[in-house]
1. Determine if segment 144-163 includes at least one residue that is among the aromatic types (F, W, Y), in the same structural domain as I43 (by TED's automatic domain parsing) and touching a helix residue (DSSP H, G or I) at 6+ places or on another chain (Cβ under 9 Å).
2. Can Q77 be described as assigned to a strand (DSSP E or B) and either modelled with pLDDT of 95 or more or not assigned by TED's automatic domain parsing to the domain that holds K35 (or both)?
3. Out of L38, L24, I need the residue that is assigned to a strand (DSSP E or B), in contact (Cβ under 8 Å) with a residue 12 or more places away in the chain and of a type outside the set (G, A, S). Which one?
4. Taking F184 as meeting all but one of (1) under 23 Å from C286 (Cβ atoms); (2) under 25 Å from the mean Cα position of the chain (by Cα); (3) among the aromatic types (F, W, Y); (4) surrounded by fewer than 19 Cβ atoms within 10 Å (Cβ to Cβ), write down the number of the exception.
5. May I ask you to list pairs of residues, at least six apart or on different chains, whose Cβ atoms are under 6 Å apart, with the first in segment 59-74 being within 11 Å of P20 (Cβ to Cβ) and the second being aliphatic (A, V, I, L, M)?
6. Is it true that some residue in segment 413-435 is touching a residue at least 40 places away in the same chain (Cβ under 8 Å), closer than 15 Å to Y377 by Cα, assigned by TED's automatic domain parsing to the domain that holds S395 and surrounded by fewer than 17 Cβ atoms within 10 Å (Cβ to Cβ)?
7. Going residue by residue through segment 108-117, is there one that turns out to be closer than 16 Å to A14 by Cα and of a type in the set (A, V, I, L, M)?
8. Find all pairs meeting these conditions: Cβ atoms under 9 angstrom apart; at least six residues apart or on different chains; first residue within segment 116-128 and touching a residue at least 12 places away in the same chain (Cβ under 8 Å) and farther than 14 Å from L96 by Cβ; second residue assigned to a loop (DSSP other than H, G, I, E, B) and aliphatic (A, V, I, L, M).
Amino acid sequence: RKFQEANHKVLFAAEGLIWPDKRLQDKYPSVRSGKRFLNSGGIMGYAPYVNKLVEQWNLHENDDDQLFYTKIYLDPQQRENLNMSLDHKSQIFQNLNGAIDEVLLKFGTERVRVRNTVYDTLPVIVHGNANTKMYLNYLGNYIPNSWNYERGCGVCDHNMVDLSQLKEYPTVMVGVFIEQPTPFLSQFFQRLVTLDYPKHKLNVFVHNNEVYHERHIQKFWEENKDVFNSFKVVGPEENLSQGEARNMGMGLCRKDPSCDYYFSMDADVMLTNRQTLRILIEQNRCVTVFLSQAILTGVLLYFCLRPFEKVCYRISVSGHFNRSADNDKELVKNIKNGFKSNSSLRPRGDIVFSPLFSQGYAVMNFVVKYTPGRQAYLRPHHDSSTFTINVALNSKGTDFQGGGCRFHRYNCSLDSPRKGWSFMHPGRLTHLHEGLPTTNGTRYIAVSFIDP
């Protein structure tokens, strides 16, 4: 319908960047609004006219097709005879190169569409040209029918594998990477042991880059050497880079004919769900990324790449998580649902205990009270923690005067943290600091020493 409304016989996608020959810019017809330059990644037309267009090709197979179509389009006579035009406002085609900032996801109840915010259009075809493949992958987690508010994930249950129906479980190589001093390493190993997966089907490869952790690995190996099918450790004496170590882990799996999957984890990833490995394998994806540092790869499909993200977050190019477009909307929707007349929410009069920290974190937590008549300040000191979290429990100017924290080495003071906001800083060794005097009223802060 959109093509018919355009009233042209051949329609090309348009973009704001001219390629491959910038010298042709002045020959393009001017447009009052929209993208000006042709992109051959999107072509739609009636067969006789498209045939007249392509039969003019008299170049080599490796010549540039976009330049070929551009020269025909820039010929006024040909443009008129073939009734050609460009989709200037992305009614049908959306090229992402140079236009990522223009493109957002439009969430409806039953479907998700791509929306061009500059022209307020809903393109039908999205073209991830040039260096926009990552963003195209991101969009592909929602469109065309991958996820919506009504049904949630529309493709998560496709082509799944039921492990309970297999004669025997797949063999998995588990790559563990300890690349820097890592807190709670013993808890990490304990959770690795308690994974709900047959241990005789797990081969463990550990790369440890820290001499400090050698004793932790030795202890774990002595206690669990007969648990796994195999257990291999490469220590800091090998002087491997992270890339070399990760390639080694994957290489061990590729060279082993019995290795079906490779499961890669950094040691600071905590698997709180014992079913994690089973769930990931049953998803039956080539590459499943469920954390920024934990990856499951089907070895037989190693070169097939299909990032599979959770709905609420996506991984940026730098390897960090960014919020996805539906994160806040989903949160607001759930809050609004709580106010509906048929909501199951009701006041709770009972005492409810809810865990906020694991046992490893909840070692040293306390509230400090500063008041002029008693403890008004703290002398310069180092916290006995790896890092410290402070939360202001009341407000400067309203509840007290003065106060704050000064770091001597950097001559930096934080004198008015916002109520309810957390303030984090390294603990021992590097951040000598003092509590500045509270001159009036009473100041309260909640403090947590992490990994003391």
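The values are calculated or read from the model by the stated rules, or taken from the named source; none is laboratory data. Predicted model, so just to flag it, every value in this text is computed and none were measured. So basically every Cβ, Gly included, is an ideal-geometry build from the backbone, and we count neighbours across all protein chains shown.
1. First, pick out the residues of segment 144-163 that are among the aromatic types (F, W, Y): 147, 149.
This time we only want the ones that are in the same structural domain as I43 (by TED's automatic domain parsing), so: none.
Among the residues of segment 144-163, not one is among the aromatic types (F, W, Y), in the same structural domain as I43 (by TED's automatic domain parsing) and touching a helix residue (DSSP H, G or I) at 6+ places or on another chain (Cβ under 9 Å), which makes the answer no.
2. On the way: assigned to a strand (DSSP E or B): no; either modelled with pLDDT of 95 or more or not assigned by TED's automatic domain parsing to the domain that holds K35 (or both): yes.
Criteria not met by Q77.
3. On the way: L24 fails: assigned to a strand (DSSP E or B).
After applying the criteria, what remains is L38.
4. (1)
5. T70/L38
6. Yes: segment 413-435 contains one or more residues that are touching a residue at least 40 places away in the same chain (Cβ under 8 Å), closer than 15 Å to Y377 by Cα, assigned by TED's automatic domain parsing to the domain that holds S395 and surrounded by fewer than 17 Cβ atoms within 10 Å (Cβ to Cβ).
7. Looking through segment 108-117, none of the residues is closer than 16 Å to A14 by Cα and of a type in the set (A, V, I, L, M).
8. T121/I92; V124/I92
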